[in-house]
1. With springs connecting C-alpha atoms under 10 Å apart, model the chain as a Gaussian network and identify which of Thr124, Thr50, Thr85 has the largest mean-square fluctuation.
2. How big is the accessible area of Lys87 in square angstrom, nearest 10, if you roll a 1.4 angstrom probe over the protein chains?
3. With axes computed from alpha carbons, what is the tilt in degrees of helix 136-148 against the longest principal axis of the chain, rounded to the nearest 10 within 0 to 90?
4. In nanometres, what is the gap between the two model label sites at Asp36 and His134, each 7 Å from Cα along Cα-to-Cβ?
5. If I compute semi-axes √(5λ) of the Cα gyration tensor in Å from the structure I just sent, which labelled value in (i) 24, 19, 14; (ii) 32, 18, 13; (iii) 21, 21, 17 lines up?
6. With everything on Cα atoms, drop me the angle between helix 20-33 and the longest principal axis of the chain, reported from 0 to 90° to the nearest 10.
7. Measuring from label point to label point, each 7 Å out along Cα→Cβ, what is the Ser149 to Ala75 span in nm?
8. What 222 nm value per residue comes from the helices of the chain, counting each DSSP H run with n ≥ 4 as -39,500 (n - 2.57) and dividing by all residues, nearest 500 deg cm²/dmol?
Amino acid sequence: LALLALPLASPAFAQPATDPAFDAAFANFTRARQGDAAQLDAAVTTFQATPGNPAMKPVYAAYLGSAYTLRGKAAWMPWNKMKYTDKGLDAIDQALAELRPEHDRLLVQGVPASLATRLVAAATFVAVPDGLFHRRAAGKSLLAEMRRSPLLAAAPAGFRAELDAVEARLKEAEK
């Protein structure tokens with residue numbers, strides 16, 4: 001989700017989390033998402049590490065899960081496609097389960113950690129084949145939840161544009 005790197009200046013939020021390891025992993029993830037599969041291993045390895053700020057754990061887990069699903073997409077053997085995608089979806093489920101109210105106040109690259117985690121989850125759920133993984137409804141629910149969130153109004157325009165793009169992919173998938 002390359003657009004998540006935009007800054008947010010709002011007094012409603014706490015100080016941003018600074019995590020150079022996350023920034024490096026995010027850069028690798030972004031390149032992998034744009035088609036550079038060689039960056040997947042670096043992103044997975046970095047997102048597997050324990051974050052310096054424990055409050056970042058759900059964000060790390062969501063991106064790790066998404067990276068695993070990208071690894072599944074890139075795998076050649078069907079059993080590896082399933083294994084990595086399942087592992088990724090499990091990590092995302094864990095990330096969503098770990099979200100707490102304090103994640104609404106923690107900024108990750110200018111976006112509340114709760115919104116960033118949910119958008120990564122929703123984008124991944126919409127992207128995986130629904131006939132195999134049955135996650136489209138969960139992705140749709142997360143998107144609706146983000147639309148209702150009061151945090152969205154203060155989120156950067158780039159983040160809101162990415163949310164719009166995921167919703168457009170969902171609508172296309174539902175056709």
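1. Its mean-square fluctuation being the largest, the pick is Thr50.
2. 100
3. Approximately 10 degrees, to the nearest ten.
4. Placing both labels 7 Å beyond Cα along the Cβ direction yields 3.8 nm.
5. Comparing each candidate, only (i) matches the computed number.
6. 40
7. 2.9
8. Per the formula, -20500 deg cm²/dmol.
The values are calculated or read from the model by the stated rules, or taken from the named source; none is laboratory data. For clarity, every value in this text was computed on a predicted model and none was experimentally measured. Virtual Cβ from ideal backbone geometry, glycine too; neighbours counted across all protein chains shown. The accessibility values were calculated without ligands, DNA or RNA, using every heavy atom of the protein model including side chains. Shrake-Rupley method; radii C 1.70, N 1.55, O 1.52, S 1.80 Å.
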